[in-house]
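Student: Here you go, one structure.
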Amino acid sequence: MIRFLKGLLLLPVAVLVVAFAVANRDVVRVSFDPVSPDMPVFSAALPLYLLLFIAVAIGVLLGGCGAWLGQAGTRRTSAARRREIRRLENETARLKTYAPPPTNEGPNGIYRNASDRVALPAPH
């Protein structure tokens, strides 16, 4: 069902992207030289759609890097909590080796089996 909905949403987007690329095939000159606009040293002739796709791709990459850097505190906290959990699990396993084996006797050997035990009422 999810694949169908994803396809249903992405198909119109793909059609719009292809239509945009076909409609904007004209070549434009992109100059990276602000000093001499007539004869730029750094320039490229690219189709307009390619220029815009590159700009969007760079924006997506920069946004992803920004989000990743913004989550550094969360990742650091998560790693610290994983280390603490591992430490506590190891300590629990170590302490279980010192625990006496379970018996059917209660305090002072009063209860001999499970049917002799009396349950307390639940607190209100």
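The values are calculated or read from the model by the stated rules, or taken from the named source; none is laboratory data. Owing to the predicted nature of the structure, the values given are computational and were not obtained by experimental measurement. Cβ placement follows ideal geometry from the backbone for every residue including glycine, while neighbour counts extend to all protein chains displayed. The accessibility values were calculated without ligands, DNA or RNA, using every heavy atom of the protein model including side chains. Shrake-Rupley method; radii C 1.70, N 1.55, O 1.52, S 1.80 Å.
Student: I'm told ALA80 meets every condition in (1) modelled with pLDDT of 95 or more; (2) open to solvent by 70 Å² or more (accessible area, probe 1.4 Å) except one. Can you identify the failing condition by its number?
Tutor: Single failed check for ALA80: (2).
Student: Spot the failing condition for ILE54; the list is (1) open to solvent by less than 70 Å² (accessible area, probe 1.4 Å); (2) not in a loop (DSSP other than H, G, I, E, B), and only one is missed.
Tutor: The one condition ILE54 does not meet is (1).
Student: When you go through (1) in contact with an Asp or Glu (Cβ under 8 Å, 6 or more places away or on another chain); (2) modelled with pLDDT of 85 or more one by one for LEU5, which number turns out not to apply?
Tutor: (1)
Student: Oh, and also: Can you pull out the residues in segment 28-51 that are open to solvent by less than 100 Å² (accessible area, probe 1.4 Å) and part of a strand (DSSP E or B)?
Tutor: Scanning segment 28-51 gives VAL28, VAL30, SER31, SER43, ALA44, ALA45, LEU46, PRO47.
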